[in-house]
Amino acid sequence: MNKRMDGTILIDSHAHLEMPDFRRDLEEVIQRAKEAGVKYIFTVGTEKKDWKRALEIAQSHPFIYAILGVHPHNAKEIDDHTYETLKGLCQNEKVRAFGEIGLDFYRDLSPRDIQLNRFREQIALARELGLPIVVHDREAHQETLEVLKLEKAEALGGIIHCFSGDYEMAKECIEMGFYISVPGSITYKNAEPFREIVKKLPLESLLVETDAPFLTPVPFRGKRNEPGYVRYTAEKVAEIKKIPFEKVAEVTTGNALRAFRLEL
Ligand SMILES: [Zn+2]
Ligand SMILES: [Zn+2]
């Protein structure tokens with residue numbers, strides 16, 4: 001327990017606290033995150049039914065911020081009112097980024113052409129709102145890069161969350177002003193290729209995230225994920241890069257603050 005109280009500061013740059021998985025014990029989850037040294041949590045409302053709840057959680061906790069947008073899974077649900085609603089909600093100062101938006105050609109829960117159009121429209125909306133973007137890309141690496149370039153997303157910057165592309169893609173994203181966010185799956189046995197990529201990337205471009213309740217790191221794999229476990233991801237990054245954990249915590253925290261344009 002000692003190690004968890006050593007005064008280091010971490011940021012969970014991506015969680016989903018508004019999801020039903022946390023309804024029963026949200027305050028305890030948040031308390032445990034604090035005890036694990038997590039200074040800020042960014043909770044991501046991915047569809048209409050979750051936006052208000054994400055914002056409510058952010059508004060009732062000084063160290064929690066919200067990210068709002070329409071996930072590629074839900075792209076087909078966007079209607080005439082969606083963007084107006086989002087514009088209204090994003091005026092709130094607790095909303096620090098627009099997302100997660102992007103492409104998911106793994107699950108294909110919305111048709112690909114709709115995903116592509118809605119991704120582009122939402123980058124334009126983020127530009128209008130003056131917010132950085134949080135990008136979700138699963139098995140759509142080339143298309144994601146193309147859209148980011150077409151929409152000149154380098155002017156917005158932001159985060160490629162749960163990064164799953166190759167080293168070349170990571171470098172291109174970093175050149176466009178994006179941070180690469182590392183999820184708990186970096187602790188998994190089969191994640192050796194991803195660990196090799198992280199090893200080569202500059203710490204100055206990395207964030208850590210849980211994507212809770214998903215992607216639970218070892219040693220809790222198989223259980224529900226929660227923001228306090230971001231510690232295990234940061235520890236793995238330290239191990240891979242052969243640098244002190246404190247250094248990973250300090251630099252990734254500074255990176256997250258810059259990505260979300262916040263001051264500590
Ligand atoms: Zn995602
Ligand atoms: Zn997510």
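Taking the conditions (1) buried (at least 21 other Cβ atoms within 10 Å of the Cβ); (2) farther than 18 Å from ARG231 by Cβ in turn, ARG23 satisfies each one other than (1).
Collect the residues in the stretch 132-165 that are open to solvent by 20 Å² or more (accessible area, probe 1.4 Å) and either more than 16 Å from ligand 1 (Cβ to nearest atom) or over 16 Å from the mean Cα position of the chain (by Cα) (or both), keeping them in residue-number order. Break it down into steps so the answer makes sense when it comes.
First, pick out the residues of the stretch 132-165 that are open to solvent by 20 Å² or more (accessible area, probe 1.4 Å): 136, 138-139, 141-143, 146, 149-152, 154-155, 162, 164.
Once the filter is applied, which keeps residues that are open to solvent by 20 Å² or more (accessible area, probe 1.4 Å) and either more than 16 Å from ligand 1 (Cβ to nearest atom) or over 16 Å from the mean Cα position of the chain (by Cα) (or both), the stretch 132-165 yields GLU139, HIS141, GLN142, GLU143, GLU146, LYS149, LEU150, GLU151, LYS152, GLU154, ALA155.
Kindly indicate the residue of the stretch 98-130 that is among the aliphatic types (A, V, I, L, M) and open to solvent by 20 Å² or more (accessible area, probe 1.4 Å) and also nearest to ligand 1 (Cβ to nearest atom) among those meeting that condition. Quick ask: steps written out before the conclusion?
Applying the first criterion (among the aliphatic types (A, V, I, L, M)) to the stretch 98-130 yields 101, 103, 109, 114, 116, 123-126, 129.
Among the residues that remain, those that are also open to solvent by 20 Å² or more (accessible area, probe 1.4 Å) are: 109, 114, 116, 124, 129.
On the way: LEU109: 12, ILE114: 17, LEU116: 17, ALA124: 20, LEU129: 20 Å.
Only one residue tops the list, namely LEU109.
What number of residues in the stretch 199-218 are within 20 Å of LEU257 (Cα to Cα) and open to solvent by less than 10 Å² (accessible area, probe 1.4 Å)? If you could, list the steps in order and put the result at the bottom.
Residues of the stretch 199-218 that are within 20 Å of LEU257 (Cα to Cα), as a first pass: 201-212.
Then keep just the ones that are open to solvent by less than 10 Å² (accessible area, probe 1.4 Å); that gives 201, 206-210, 212.
Total satisfying the criteria: 7.
Consider the stretch 37-50 and keep the residues that are under 17 Å from ASN74 (Cα atoms) and surrounded by 23 or more Cβ atoms within 10 Å (Cβ to Cβ). The one that is farthest from ligand 1 (Cβ to nearest atom) is GLY45.
The values are calculated or read from the model by the stated rules, or taken from the named source; none is laboratory data. A quick note: this is a predicted structure, and the numbers were derived from the prediction, not measured. All Cβ positions, even for glycine, are placed from backbone atoms using ideal geometry, and neighbour counts span all protein chains on display. Surface accessibility is based on the protein's heavy atoms, side chains included, excluding ligands, DNA and RNA. Shrake-Rupley method; radii C 1.70, N 1.55, O 1.52, S 1.80 Å.
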